[in-house]
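Participant: First, the structure itself, so that you have it in front of you.
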Amino acid sequence: MDFENSLAFAKHLDERDALKEQRNKFHIPKDKNGKEWLYFTGNSLGLQPKKTKGDLQVELDDWANLGVEGHFLAKNPWVKYHNFLTENMANIVGAKPIEVTIANTLTVNLHLLMVSFYRPTNTKYKIVIESDAFPSDRYAVESQLKFHGFDPKEALIEWKPREGEELLNIEDLEKIVDEQGNEIALLLIGGVNYYTGQYLDLKKIAAIGHSKNCIVGIDLAHGAGNIQPNLHNSGVDFSTWCTYKYLNSGPGSLSGIFVHERHAYNKDLPRFAGWWNHKLESRFNMRKPFDVVAGAEGWHLSNVPVFSMAPIKTSLEMFVEVGMDKLREKSILLTDYFEFLLSELNSNRIRVITPKNSNERGCQLSIQVLNADKTLHNQLMKRNVITDWREPDVIRCAPVPMYNSFSDVYNMVRILKELL
Ligand SMILES: *Cc1c(COP(=O)(O)O)cnc(C)c1O
């Protein structure tokens, strides 16, 4: 499409946007004068659907009226509450229901999955991460290495961008695995990098890892609800993500788990256990020996935190109702338009470092600021443009297709132009 740099054109795109009604289903934060913020941080904390409060209230009422009986008698019986989420979550990340569950929080799941899938030997023990991995992932991996008696200085391999570049090149990962694959036990890679917004080819990464018998795990915190990772077909062994970023389920909410079907019935995998990954049929007989549930639910340890899950249930239903195909279609157009408007600024103070090809990014654009000048970000915030600054020198902006409009993007760039 030929884009135009005008508010009229942005409004025209809004008019023909098949998803334009979705925005009305969200609370958009406002300033003191009642003017809506331009919210570009759905990649950090998604906005609240208006429906969430009522759905949460249903559970509070059932608790008030039923007490413990709510486990079986609530409108949505709590004992299997997570099951109400599974199918929709699987649909969104392109997996089979047996491969997906919602449980625990993201960093906890990284650890639980590494307990099962990082099984180092004396010769095959190294872990590969991106040099720009999210800090929590790096800390999790380093602590796992130390827990098994390895020194991260030697056992942690970083997949780095080439000199003078920001983005990762898959050939470099190939080279690492070619050369050191016999010593590598695990690749743990962010499917969409939180800093650059680069969306990596999961299928290729899985093939590279598996060619040398390395387990492949993917952190999809910035992917779930943003891109279509087709987890089952990608062939990766496991993945985990949070639901409070693109999936709009509220601060610090729970995490999704994907474990590929090929591991679903393997009872020999080492794992940490609790009563909720024991089979439901005999869970309440209490004194039976541990018998693990098949599939991703086998990493579910505790009983269900219903008040965290209720907002996830609401949100996933919205995603499935709209459909990831349609969301992604709008997302590509919205971010392409955003990129077009930024390029029209012709500024030498800023530069987009996110890949240009829409197959290699989600909705986020990372704007690198010359001389790491953070004042630009602070000025945007003062003008009610909500973005985030990530050290050393990037403003991350995520126009999300669920509630951001083409006018949002236009107005944001107009303000940015004034500031520059
Ligand atoms: C947001 C994010 C996290 C946060 O983990 P929590 O355990 O939910 O606090 C971890 N890793 C990545 C890649 C993230 O983007």
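The values are calculated or read from the model by the stated rules, or taken from the named source; none is laboratory data. Note that the coordinates shown come from a computational prediction; the quantities given were computed from them, not determined experimentally. Please note: Cβ atoms are built from the backbone with ideal geometry, for glycine as well, and neighbour counts cover all protein chains shown. These accessible areas exclude ligands, DNA and RNA; they are computed on the full protein's heavy atoms, side chains included. Shrake-Rupley method; radii C 1.70, N 1.55, O 1.52, S 1.80 Å.
Participant: Can you show me the helix-derived [θ] at 222 nm for the chain, built from DSSP H runs with n ≥ 4 at -39,500 (n - 2.57) apiece and divided by the number of residues, rounded to the nearest 500.
Facilitator: Theoretical 222 nm ellipticity from helices: -11000 deg cm²/dmol.
Participant: Same structure, new question: Give the carbon-plus-sulfur fraction of the accessible surface of region 216-277 in %, rounded to a whole number; probe 1.4 Å, heavy atoms of protein chains only.
Facilitator: 51
Participant: Let me ask another. Is region 58-320 best put as rounded, prolate or oblate by its Cα gyration tensor, with a ≥ b ≥ c the root eigenvalues, rounded for a/c under 1.5, and otherwise prolate when a/b is larger than b/c, oblate when not?
Facilitator: prolate
Participant: Now a separate question. What accessible area per residue, rounded to a whole number of Å², is obtained for the chain using a probe radius of 1.4 Å?
Facilitator: With the other protein chains kept in place, the chain gives 44 Å² per residue.
Participant: Straight-line reach only, C-alpha to C-alpha below 20 angstrom: list the aspartates and glutamates that Lys30 could link to, leaving out same-chain residues fewer than 8 apart.
Facilitator: Lys30 reaches Glu21, Asp388, Asp408.
Participant: What aspartates and glutamates could a cross-link reach from Lys146, if we take a straight Cα to Cα line under 15 Å and drop same-chain neighbours fewer than 8 places away?
Facilitator: The reachable aspartates and glutamates, counting only those whose Cα sits under 15 Å from Lys146, are Asp137, Glu154.
Participant: Further question on the same structure: Under 13 Å Cα-Cα from Lys267, which aspartates and glutamates qualify once same-chain neighbours fewer than 8 residues away are excluded?
Facilitator: Asp291, Glu297
Participant: Using the alpha-carbon centroid of each, what span in Å lies between region 344-420 and region 152-225?
Facilitator: 26
Participant: Hey, can you rank 221-230, 4-13, 42-51 by average C-beta count inside 10 Å, highest first?
Facilitator: On the way: 221-230: 25.1, 4-13: 14.7, 42-51: 20.1.
Top to bottom by mean Cβ count within 10 Å: 221-230, 42-51, 4-13.
Participant: Something else: Grab the beta carbon distance between Val68 and Lys35, set R0 = 45 Å, and tell me the FRET efficiency rounded to 0.05.
Facilitator: Using R0 = 45 Å, I get an efficiency of 0.45.
Participant: Please label the shape of region 273-399 as rounded, prolate or oblate, based on the square roots a ≥ b ≥ c of the eigenvalues of the alpha-carbon gyration tensor (a/c under 1.5 means rounded; beyond that, a/b larger than b/c means prolate, else oblate).
Facilitator: The shape class here is prolate.
Participant: For region 66-76, take each phi angle, set θ = phi - 60°, evaluate the Karplus expression 6.51 cos²θ - 1.76 cosθ + 1.60, and give the result in whole Hz per residue in order, putting x for glycine and proline.
Facilitator: 10, x, 5, 5, x, 4, 10, 9, 4, 3, 10
Participant: Work out, step by step, the length gained on full extension between Phe272 and Lys326: first 0.36 nm times the residue separation, then minus their alpha carbon distance; give nm to one decimal.
Facilitator: Result: 15.6 nm gained on full extension.
Participant: Which percent of the accessible heavy-atom area of region 41-143 goes to carbon and sulfur, probe 1.4 angstrom?
Facilitator: 57
Participant: Select from Ser358, Ser116, Asn24 the residue farthest towards the positive end of the dipole of the chain; place +1 on Cβ of Lys and Arg, -1 on Cβ of Asp and Glu, and compute about the Cα centre.
Facilitator: Asn24
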